[in-house]
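Beneath this line is the structure, given in C-alpha cells, with notes to follow.
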Amino acid sequence: MLNKKSLTVLRSKQGFNLILGALLIFVAVIHLINLTEIPVFADESIYIRWAQLIIDDWRQYLFFPLNDGKTPIFIWALVPFQFIFSDQLFAGRFLSVVVGVFQVWTVGLIVKSLRLGKKEQLISMLLTAILPYWYFHHHLALMDGMLALWTSLACLFSIKLSVGIKQEKKPASLFLLASLVGLFIGLGILTKLPAILLIPSII
C-alpha cells in the first residue's frame with residue numbers, strides 16, 4: 001500500500017518523471033550486471049558473425065542474412081556496437097539491453113494510452129523489466145526483443161489512431177499516426193518475418 005506522501009509524489013508530474021527515470025536506470029543496471037554470464041546461444045554467435053562480415057565488406061555482406069531467410073535490421077543494428085565494445089558478445093547483448101529499456105518505456109506509454117493511472121504504468125513497466133520472458137530476451141543478442149519492441153510501438157500508435165478517429169482529429173494527424181503504425185510494422189517485418197502476423201490484428 002502506498003502512503004499519502006508516496007501518492008502525492010506519484011501524482012506530481014516532476015515526482016512521477018523522477019520515479020520513471022529511476023525505474024529505467026534500474027532496468028538498465030539489472031540487465032547489464034553479469035551480461036555475458038549466460039552461455040552463448042547458437043543464434044547469437046551467428047548474428048554477431050554476420051555483423052562482423054558486414055564490417056569487413058559491407059558491399060558483399062550487407063544483405064547476407066537473407067541467404068538464411070532472416071531479415072537484416074537487427075544485424076545492421078549490431079554493427080555500430082561492434083566498434084564501441086571490444087567484447088563482441090557484450091556488444092551484441094548490449095543492443096538487446098538498449099532495446100529492453102525502450103520496451104519498458106513503450107509498455108508504460110501503452111498503459112497510459114489506455115487511460116490507466118500512473119501507478120498502473122509503473123507496475124506494468126516493472127513487470128516488463130523482471131518477468132523471465134522479457135528478462136531473458138533482453139539478455140541475449142537475439143532478434144525477438146527488437147521484434148517485440150517494433151510490434152509494441154505499432155500497437156501503441158494503432159491505439160492512438162483509434163482514439164484519434166473517435167475524437168475526429170484532423171486528417172493530417174490521423175495520416176501521421178497511420179504512417180507510424182505502418183512504419184513500425186515494416187520495421188518489425190525487417191527484423192523478423194513473423195511480424196506479418198500482427199497485420200490482421202491491427203486492421
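The figures follow:
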item: Angle between the chain longest axis and helix 171-191 axis [Cα atoms, degrees, rounded to 10]; result: 40 degrees
item: Using a Förster distance of 35 Å, the FRET efficiency for Lys166-Leu18 (Cβ separation, nearest 0.05); result: 0.60
item: Segment 50-55 - phi-based ³J(HN,Hα) in whole Hz, Karplus 6.51/-1.76/1.60, Gly and Pro as x; result: 4, 4, 5, 5, 4, 4
item: Degrees, to the nearest 10: 88-113 long Cα axis against longest axis of the chain; result: 20 degrees
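Read-outs throughout are calculated quantities, based only on the coordinates presented, and are distinct from any laboratory measurement. Keep in mind the model is a prediction, meaning the values are calculated, not measured. We place every Cβ from the backbone using ideal geometry, glycine too, and count neighbours over all the protein chains shown.
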